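Inspection log for the structure reproduced underneath, given as structure tokens.
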Amino acid sequence: GQSLEQPSEVTAVEGAIVQINCTYQTSGFYGLSWYQQHDGGAPTFLSYNALDGLEETGRFSSFLSRSDSYGYLLLQELQMKDSASYFCAVAGYSTLTFGKGTMLLVSP
Amino acid sequence: NAGVTQTPKFQVLKTGQSMTLQCAQDMNHEYMSWYRQDPGMGLRLIHYSVGAGITDQGEVPNGYNVSRSTTEDFPLRLLSAAPSQTSVYFCASSTLGTSTDTQYFGPGTRLTVL
């Protein structure tokens, strides 16, 4: 089976940097994905790491360490619109298992 | 492209009723899946399909049926609704027949079972 752990809530101020951690236990691992979900909306894809290291996409970066079963999402230059829930998800070959999500609250 | 569409947006059922949640995509994606989202529980996989004619169970399949007769459509059937099935249901699709590809989610169906 799969299990993922991520903090339930993180708070930060505009312009700051925040890191959301994700640890996982899994049988059959192809990669780690991150999704963003605004309140009442559909999840949207942010990033996917199949190999160890850092992937950067604009203000967002994602890191993976397969040996530590650990990854994180780094958000820089936080904006109010970044207030949302963030989910890490372990990709097996045919199934995607999501963590319970981290609610990020960005204040002025 | 409309992307992934889901109907209805909202539905109220009585215990024991059956219904079908519709999901369609116009991106010619092979992989389609259904998730339910409950407060504090994240998204849990109900059923998935890696192509037309092929379906399989996810983490929480009990009480739900699916079929995939075309590439475009992947309906989810609730056989006999129960209050425990009150949830938000999301359909998703991706290009490849795997879960490693970007998943495109529909807007969701908010279901209440009384």
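Please report the carbon-and-sulfur percent of the accessible area for segment A:1-80; probe 1.4 Å, protein heavy atoms only, DNA, RNA and ligands left out. The nonpolar share, carbon plus sulfur, comes to 47 percent.
Would you mind getting the accessible area per residue of chain B, heavy atoms of the protein chains only, 1.4 Å probe, in Å²? Intermediate results must be reported in sequence, preceding the final value.
Numbers: 4980 Å² over 114 residues.
On a per-residue basis, 44 Å².
Could you work out the mean count of beta carbons from other protein chains within 10 Å of each residue's beta carbon in A:36-48?
Average per residue, whole number: 4.
Modelled spin-label separation between A:Gln19 and A:Leu74, with each label point placed 7 Å from Cα along the Cα-to-Cβ direction: 0.8 nm. The mean count of C-beta atoms from other chains within 10 Å of the C-beta of residues in A:92-103, rounded to a whole number, is 6.
Which shape class, rounded, prolate or oblate, goes with chain B when its Cα gyration tensor gives a ≥ b ≥ c as root eigenvalues, a/c under 1.5 marks rounded, and past that a/b bigger than b/c marks prolate?
Numbers: a/c = 1.66, a/b = 1.66, b/c = 1.01.
Cα axes put chain B in the prolate bin.
Taking beta carbons within 10 Å but only from partner chains, what does the mean come to for residues A:82-89? Let's see the in-between values first.
On the way: counts 0, 0, 0, 1, 0, 3, 1, 5.
Average neighbour count from other chains, rounded to a whole number: 1.
Residues of segment B:85-114 whose accessible area, computed with a 1.4 Å probe over protein heavy atoms, drops by at least 20 Å² once all protein chains are present relative to their chain alone are B:Phe90, B:Thr98, B:Ser99, B:Thr100, B:Thr102, B:Gln103, B:Phe105, B:Arg110.
For the listed peptides B:69-77, A:83-91, a ranking on the average number of other beta carbons within 10 Å per residue, highest first, reads A:83-91, B:69-77. Within the full protein context, the accessible area of A:Leu78 is estimated at about 10 Å² for a probe radius of 1.4 Å.
Can you tell me the order of B:58-67, B:27-36, A:34-43 when each peptide is scored by its average per-residue count of other Cβ atoms within 10 angstrom, highest first? Intermediate values should be presented prior to the final figure.
Values: B:58-67: 16.5, B:27-36: 21.9, A:34-43: 18.0.
Going from most to least packed, we get B:27-36, A:34-43, B:58-67.
The calculated FRET efficiency for A:Tyr93 paired with A:Thr11, based on their beta-carbon distance and R0 = 45 Å, is about 0.80. Full extension of the chain between B:Asp26 and B:Met41 yields a length gain of 2.4 nm, computed as 0.36 nm times the residue separation minus the alpha carbon distance.
Rounded to the nearest 100, the interface formed by chains B and A buries 1600 square angstrom of accessible surface, both chains summed, with a 1.4 Å probe.
Distance between the pseudo-spin-label points of B:Asn62 and A:His38 (7 Å out from Cα toward the beta carbon): 3.8 nm.
Determine the sum of side-chain charges near B:Tyr35: Lys and Arg each +1, Asp and Glu each -1, restricted to other residues whose C-beta is under 11 angstrom from that of B:Tyr35. Kindly include the intermediate steps, with their values, before the conclusion.
Working: positive: B:Arg36, B:Arg44; negative: B:Asp38, B:Glu59.
Residues close to B:Tyr35 contribute a combined charge of 0.
Taking GluC sites (Glu not before Pro) across segment A:1-98, the ones in a DSSP loop with at most 16 further Cβ atoms lying within 10 angstrom of their Cβ are A:Glu14, A:Glu77.
The values are calculated or read from the model by the stated rules, or taken from the named source; none is laboratory data. Since this is a predicted model, take the numbers as computed values, not measurements. Cβ sites come from the backbone with ideal geometry, for glycine too, and all protein chains shown count toward neighbours. The protein model used for the area step is the full one, side chains on, heavy atoms only, and it has no ligands, DNA or RNA in it. Shrake-Rupley method; radii C 1.70, N 1.55, O 1.52, S 1.80 Å.
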